[in-house]
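Have a look at the structure below, then the notes.
The values are calculated or read from the model by the stated rules, or taken from the named source; none is laboratory data. No experiment lies behind these values; they were computed from the predicted model shown. Reconstructed Cβ throughout: ideal geometry from the backbone, glycine too, with neighbour counts over all protein chains shown.
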Amino acid sequence: MSTLIVIICIALLLLIILQIGRVRDLAKQLRGAEEVEARNTQMTGIYLVAFMVVFLVLATASAFYYKNMMLGYGPNESASAHGGRIDSMMSITLWVTYSVFILTHILLFWYAFKYRHQKGRKAEFISHNNTLEIVWTGIPAIVMTFLVISGLDAWNDIMGDVGVDDNVLEIEATGYQFAWQMRYPGPDGLLGRKDFRLIEGSNQLGQDWTDLKNADDVLVNDIVLPVNQKVRVRITAKDVLHDFYLPQFRVKMDAVPGLPTYFVFTPTKTTKEWRKELSKYPEYQVPDENDPEKMRWETANYELACAELCGVGHWSMARKVTIVEEDEYEEWAAEQKSFYMENIRFTKDDPNTGMLFPAEIAARRAEFNTEANTALQTEDDADNTLILKYVTFETGSANLTELSRYQLDDAIAFLKKNADVNSFLKGHTDNTGNFDSNLSLSQRRAESVYNYLVKGGIAADRLISAGFSSTVPIDTNETEEGRQANRRTELYITRDALPVIERLSK
Ligand SMILES: [Cu+2]
């Protein structure tokens with residue numbers, strides 16, 4: 001229906017134009033063609049000049065009216081150290097093109113009026129004019145040179161990498177369909193090695209766990225950064241092209257599978273400061289659509305987006321970016337958990353089970369000392385049995401594993417510090433296999449620990465050891481977990497005399 005109306009309107013319009021033409025022809029015949037023609041050209045010239053004035057005024061006014069939507073103006077001021085430079089280049093280019101736009105349009109319309117057809121006036125014939133050629137080639141060339149050179153200079157500055165001595169926080173962004181995976185370096189400040197061949201269900205980034213720099217790396221979805229800190233973002237992608245885009249920071253770089261890129265920038269405004277600035281603008285003084293209790297400026301967040309049309313879920317790649325003060329950042333960083341420690345450590349994927357990290361050694365020591373001191377504090381000695389859960393043996397033998405020494409060293413240190421404490425080492429097994437061989441094994445294992453302590457400088461008269469085979473289970477022997485709990489070495493500590501051992505036998 002509406003199409004029909006439009007077609008009819010166009011037909012009527014054409015008809016009107018046709019009729020006007022006819023009226024003019026008639027008028028010409030009546031008044032003399034030349035006079036009518038002269039008047040017409042004059043009127044056309046005047047109309048053109050009037051149109052020029054209205055057009056240029058409206059164009060300028062609308063630019064001012066919408067200036068808060070332009071880069072670098074109003075709420076769109078940049079929030080990074082280099083961003084102002086990009087904005088000022090945009091601004092300079094805008095002013096240059098605007099001046100040329102105004103000038104050329106004034107000339108265009110004014111000349112159309114000034115050089116309109118007039119009776120008896122003849123056009124001047126100019127074959128060539130060197131001055132004009134120089135002016136209209138020279139001026140644009142100079143302006144372009146200025147724009148291009150200052151642009152190149154800014155480009156080199158902004159796209160440059162970090163120096164050797166720079167204090168830089170390096171993080172990593174990996175784009176995939178359809179999200180960003182952010183990786184932080186953890187307390188060591190270094191990102192661990194990656195290899196795409198290691199990517200699997202439990203290792204989405206392909207981190208190489210044999211590289212210990214990976215051990216404290218943190219994986220998060222949203223970005224948190226300290227203000228005024230130089231940040232280097234390693235940018236990469238797992239599947240298709242994405243683009244790491246932080247609009248408010250003027251950061252934009254393609255994320256290309258197989259080709260690592262980077263961007264170095266320094267955020268200069270915290271989210272809080274930015275929100276405060278936004279609160280000055282009417283467009284932010286309206287209730288937020290998603291949270292009508294609050295104003296738009298109160299809920300505004302910096303964002304990370306994907307600026308490459310990468311597939312159907314492209315829109316969902318937006319992530320929150322929060323810029324905070326240095327101490328707030330430290331607090332946040334301290335709360336983050338290492339992906340490796342939480343998900344990989346001591347699982348089948350962990351290649352480092354043969355060693356302990358300093359933090360683990362310290363934690364186990366603290367745990368042991370707390371347990372031992374608590375046990376000694378109570379009058380009753382019945383609860384003085386400590387399970388040495390990190391003391392383990394090679395399968396079927398009494399040879400201590402490499403990692404057992406940490407807890408045994410803790411025990412030695414504890415006994416040295418508490419010289420009045422005696423201890424009884426007890427070996428236990430589960431109920432699989434022959435009772436006698438279990439008894440012998442449990443005795444030899446307890447002795448192994450005994451020997452280690454004596455070697456470590458604990459007087460032999462403060463120690464006794466015995467094996468109990470499977471006679472003292474602390475868990476069921478029906479499950480593997482239960483049996484594992486039953487296979488154990490215990491350290492009984494007391495300030496009293498040690499009991500006389502009744503050796504178990506058949
Ligand atoms: Cu994308």
Count of residues meeting criterion [touching a Ser or Thr at 6+ places or on another chain (Cβ under 8 Å), surrounded by fewer than 15 Cβ atoms within 10 Å (Cβ to Cβ) and farther than 23 Å from Ala318 by Cα] in region 203-228: 1
Hey, does region 304-322 have a residue that's among the β-branched types (Val, Ile, Thr), more than 16 Å from the ligand (Cβ to nearest atom) and assigned to a loop (DSSP other than H, G, I, E, B)? no
Tell me which residues, restricted to region 54-73, are closer than 17 Å to Ile106 by Cβ and exposed (fewer than 12 other Cβ atoms within 10 Å of the Cβ). Val54, Val57, Leu58, Ala61
Filter region 423-438 down to the residues that are outside any strand (DSSP E or B) and buried (at least 22 other Cβ atoms within 10 Å of the Cβ) and list them by number. Thr429, Asn438
Mind checking whether some residue in region 69-78 is farther than 24 Å from Trp297 by Cβ and either of a type in the set (Asp, Glu) or in a loop (DSSP other than H, G, I, E, B) (or both)? no
If a residue has to be closer than 16 Å to Phe178 by Cβ and either free of Cβ contacts under 8 Å to residues at least 24 places away in the same chain or within 16 Å of the ligand (Cβ to nearest atom) (or both) to count, how many in region 222-235 make the cut? 0
Mind counting the residues in region 455-492 that are under 22 Å from Ala375 (Cβ atoms) and of a type in the set (Ser, Thr, Tyr)? 3
Does at least one position in region 372-384 carry a residue that is outside any loop (DSSP other than H, G, I, E, B), touching a helix residue (DSSP H, G or I) at 6+ places or on another chain (Cβ under 9 Å), outside the structural domain of Asn221 (by TED's automatic domain parsing) and more than 16 Å from the ligand (Cβ to nearest atom)? yes
Restrict the check to region 240-258 and report whether at least one residue is charged (D, E, K, R), within 16 Å of the ligand (Cβ to nearest atom) and either over 20 Å from Ala318 (Cα atoms) or in contact with a Leu (Cβ under 8 Å, 6 or more places away or on another chain) (or both). yes
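Restricting the search to region 461-484, which residues are of a type in the set (D, E, K, R), part of a helix (DSSP H, G or I) and surrounded by 14 or more Cβ atoms within 10 Å (Cβ to Cβ)?
Arg462, Arg483
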For Gln207, state whether it is touching a residue at least 40 places away in the same chain (Cβ under 8 Å), among the polar types (S, T, N, Q) and under 30 Å from Gln42 (Cα atoms). no
Looking at (1) within 16 Å of the ligand (Cβ to nearest atom); (2) free of Cβ contacts under 8 Å to residues at least 40 places away in the same chain, which is the only condition Ser279 fails? (1)
Here the qualifying pairs (Cβ atoms under 8 Å; residues six or more apart or on different chains; first in region 285-308 and closer than 30 Å to Val256 by Cβ; second assigned to a helix (DSSP H, G or I) and away from the ligand (no atom under 16 Å from the Cβ)) come out as Asn301/Thr271; Tyr302/Gln248; Tyr302/Phe249; Tyr302/Thr271; Tyr302/Trp274; Glu303/Gln248
